[in-house]
Amino acid sequence: MKVKKAVIPAAGLGTRFLPATKSMPKEMLPIIDTPVIQYVVEEAIASGIEDIIIITGRGKRAIEDYFDDSPELEMHLAKKHNTELLKLVRDVSSLVDIHYIRQKEPNGLGDAVLRAENHIGDEPFAVLLGDDIIVNNKPCTAQLIENFEKYGRSTIAVEEVPYEKLSSYGIIKGKPLDDSLYVLEDIVEKPAPEDAPSNIGAIGRYVFTPEIFDCIKKAGTGVGSEIQLTDGIRLLNKSQMIYACRFKGKRFDTGDRLGYVKCIVDFAIQNENLRDDILEYLREILTVEKVPAKKVPAELKE
């Protein structure tokens with residue numbers, strides 16, 4: 001079956017960005033002038049997804065408002081004859097068919113995915129975490145869907161993880177099939193670095209067969225007394241082969257403060273209207289801070 005539905009969990013509290021996220025969803029934090037979640041939705045659309053379910057929670061109404069029509073703003077822009085901004089606003093509200101399901105309280109990623117079970121039914125579906133932005137000509141989700149359509153098996157996206165961050169990821173043990181694909185043998189949620197089965201971690205992109213829902217239910221609570229998606233994947237792997245795909249692209253973890261700042265800088269440098277001014281500003285900073293030349297990116301030495 002074709003993968004046409006996607007779930008975007010966006011119900012987390014965003015505690016790493018307090019106090020900003022006390023009144024603003026972390027998924028709505030802007031990368032210059034576009035919120036993080038729009039990049040995630042656009043990746044889903046570019047991957048052929050036609051139906052999106054966003055899992056929200058208390059205080060996340062701004063996400064729904066963002067993708068909704070905005071009659072007052074559109075009327076104001078029309079009166080001002082600002083056609084460029086008017087088109088921009090209307091394009092956001094007409095991206096794709098989006099549904100919203102509320103997770104009553106944060107209870108783990110597995111629980112958030114489980115909220116979409118009735119809407120997904122017996123179809124395969126994608127999961128895109130709302131705070132990961134992945135940049136590549138071929139979207140990461142499209143790469144996973146391609147593998148799913150080839151093998152008919154659930155596929156998770158993975159990448160190498162620094163040793164000191166292993167305890168923040170689901171870490172896999174896998175049998176390599178080629179340079180970018182593994183057969184999953186096991187996956188461990190947030191292991192201590194010395195106990196990790198490898199340095200390859202699952203990141204925020206997945207394609208699942210619908211059997212994952214029963215596996216999440218059977219797995220129950222795990223690390224942090226929450227319902228972990230990783231535990232559901234472990235159970236599913238006992239009855240079905242699962243693939244792990246080392247995706248092509250550059251990932252920004254915008255749920256992490258450093259990752260968020262890196263994303264803004266990188267996107268600013270790629271913006272032709274900002275690039276020259278940003279590079280000049282960064283050179284000024286490096287000069288004032290007296291950063292050793294070997295640490296200065298080649299791009300800033302031009």
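Calculated from DSSP H runs of 4 or more alone, at -39500 (n - 2.57) each and per residue, what is the 222 nm mean residue ellipticity of the chain, nearest 500?
-10500 deg cm²/dmol
Which residues in the stretch 145-170 place their backbone N less than 20 Å from a point set 7 Å from the Cα of residue 223 along the Cα-to-Cβ direction?
Only 155-170 pass the distance filter.
Would you calculate the volume per residue, in Å³, of the smallest convex hull containing every Cα atom of the stretch 229-293?
Value for the stretch 229-293: 160 Å³ per residue.
When the Debye formula is applied to the Cα atoms of the stretch 108-200, each taken as the same point scatterer, what base-10 log of I(q)/I(0) results at q = 0.21 Å⁻¹?
-1.33
Can you tell me the accessible area per residue over the stretch 108-183, all protein chains present, probe 1.4 angstrom, in square angstrom?
Heavy-atom SASA per residue in the stretch 108-183 reads 44 Å².
Counting each pair of different Cα atoms once, what's the Kirkwood radius of the stretch 166-302 in Å, rounded to one decimal?
Averaging 1/r across every pair of different Cα atoms and inverting gives 18.1 Å.
Extending each Cα 7 Å along its Cβ direction at residue 104 and residue 18, get the distance between those two points in nm, one decimal.
2.4
Starting from the coordinates of the alpha-carbon atoms of the chain, obtain the Kirkwood hydrodynamic radius over all distinct pairs and give the value in Å to one decimal.
20.6
Within the stretch 113-153, which residues have the backbone N less than 17 Å from the label spot 7 Å out from residue 183 along Cα→beta-carbon, could you tell me?
The answer is 148, 150-153.
Taking the Cα-to-Cβ direction at residue 262 and at residue 42 and moving 7 Å from each Cα, how far apart do the two end points lie in nm?
Spacing of the two 7 Å Cα→Cβ label points: 2.1 nm.
With N set to the residue count of the stretch 171-233, report its C-alpha Rg divided by 2.2 N^0.38 Å to two decimal places.
Dividing the Cα Rg of the stretch 171-233 by 2.2 N^0.38 Å gives 1.18.
Just tell me, in residue order, which DSSP H segments of the chain are both 18 angstrom or longer along the helix axis (alpha-carbon based) and at least -1.0 in mean Kyte-Doolittle hydropathy.
Qualifying helices, which must be both long enough and hydrophobic enough, are 257-270, 275-289.
Counting only protein heavy atoms and using a 1.4 Å probe, what share of the accessible area of the chain belongs to carbon plus sulfur, as a whole percent?
The computed percentage sits at 50.
Taking the Cα centroid of the stretch 23-59 and of the stretch 181-240, what is the distance between the two, rounded to the nearest whole Å?
One Cα centre to the other: 24 Å.
Residue separation times 0.36 nm, minus the C-alpha to C-alpha distance between residue 62 and residue 199: what's the value?
45.7 nm
The values are calculated or read from the model by the stated rules, or taken from the named source; none is laboratory data. The structure displayed is predicted, hence computed values, not measured ones. Neighbour counts run over all protein chains shown; Cβ positions are idealised from the backbone, glycine included. Only protein heavy atoms, including side chains, enter the accessible area calculation; ligands, DNA and RNA are left aside. Shrake-Rupley method; radii C 1.70, N 1.55, O 1.52, S 1.80 Å.
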